[in-house]
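Everything on this sheet refers to the single structure shown next.
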Amino acid sequence: MDAAFSEGLINLLPNLRRYALSLARRGDVADDLVQITVERALANHASYDPANRLEPWLFRILRNAFIDMTRRSKTAGTQLDVFEMPDIVAVDGEAAVEARLMLQATTEAMETLPPEQRDILHLICIEDLSYAEAAEVLDIPKGTVMSRLSRARLALAEKLGIK
């Protein structure tokens, strides 16, 4: 394993956690997903092609880990984290409040979208992947990415009252 691979992996940890949070919706589960992703990436680093970007490869590992975890949890029954508490937000002026409200409204609107549209929006708009990279992560054609993204953007704008 070379230093560039290790450094790239470390630099992408915040992006991996952000994507994991968008999938899992819980910080503790997201942390577990990132850990699983890093373990699998390190164990299978020989299969990574350095000619391609590391980010889509890692996102695909993370998404597959999430799918595996979701399948396993269906047979595990209901689990609750009694220590989970809502985040406390410091308010820093009117602009910060407006931005926070818009972010909250957008997050809530995104959560009501179908998972396919929510995943596309997250990968393209938040993680800044190209259409081809998102298609690779989700294992779908590039044209499907573009049509889902278009529908997702329209649905989100409608839910937010923008359109």
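The values are calculated or read from the model by the stated rules, or taken from the named source; none is laboratory data. From a predicted model like this one, the values you see are computed outputs, not experimental measurements. Because the Cβ atoms are built from the backbone with ideal geometry, glycine has one as well, and the counts that use them run over all protein chains shown.
When you scan segment 135-145, do you find a residue that is closer than 19 Å to Arg63 by Cα and among the small types (Gly, Ala, Ser), even just one? Spell out the reasoning first.
First pass over segment 135-145, keeping only residues closer than 19 Å to Arg63 by Cα: 135-142, 144-145.
After this cut, where a residue has to be among the small types (Gly, Ala, Ser) as well, the list is 135.
Within segment 135-145 (the criterion being closer than 19 Å to Arg63 by Cα and among the small types (Gly, Ala, Ser)), the answer is yes, since at least one residue qualifies.
How many residues, within segment 48-99, are in the same structural domain as Gln35 (by TED's automatic domain parsing), in a helix (DSSP H, G or I) and either modelled with pLDDT of 80 or more or of a type in the set (D, E, K, R) (or both)?
Selection size over segment 48-99: 20.
Looking at (1) exposed (fewer than 15 other Cβ atoms within 10 Å of the Cβ); (2) of a type in the set (D, E, K, R); (3) under 21 Å from Arg18 (Cβ atoms), which is the only condition Lys142 fails?
(3)
Within the group Ala20, Ala43, Ala30, which residue is crowded, with 20+ Cβ neighbours inside 10 Å and free of Cβ contacts under 8 Å to residues at least 24 places away in the same chain? Spell out how you get there, then give the answer.
Details: Ala20 fails: free of Cβ contacts under 8 Å to residues at least 24 places away in the same chain; Ala43 fails: crowded, with 20+ Cβ neighbours inside 10 Å.
After ruling out the rest, the residue left standing is Ala30.
Mind checking which residues of segment 46-65 are of a type outside the set (Lys, Arg) and in contact (Cβ under 8 Å) with a residue 60 or more places away in the chain? Before you say what the answer is, go through the steps one by one.
Step one: filter segment 46-65 for residues of a type outside the set (Lys, Arg), giving 46-52, 54-59, 61-62, 64-65.
Glu55, Pro56, Phe59, listed by residue number.
Would you call Leu129 closer than 16 Å to Arg63 by Cα, among the hydrophobic types (A, V, I, L, M, F, W, C), within 16 Å of the chain's Cα centre (by Cα) and in a helix (DSSP H, G or I)?
On the way: closer than 16 Å to Arg63 by Cα: yes; among the hydrophobic types (A, V, I, L, M, F, W, C): yes; within 16 Å of the chain's Cα centre (by Cα): yes; in a helix (DSSP H, G or I): no.
No; evaluated as a whole, the condition is false for this residue.
How many of the residues in segment 1-47 are part of a loop (DSSP other than H, G, I, E, B) and either closer than 13 Å to Phe59 by Cβ or within 17 Å of the chain's Cα centre (by Cα) (or both)?
The first filter runs over segment 1-47 and keeps only residues part of a loop (DSSP other than H, G, I, E, B), leaving 1-2, 12, 25-26, 44.
Filter once more, keeping what is either closer than 13 Å to Phe59 by Cβ or within 17 Å of the chain's Cα centre (by Cα) (or both): 12, 25-26.
Number of matching residues: 3.
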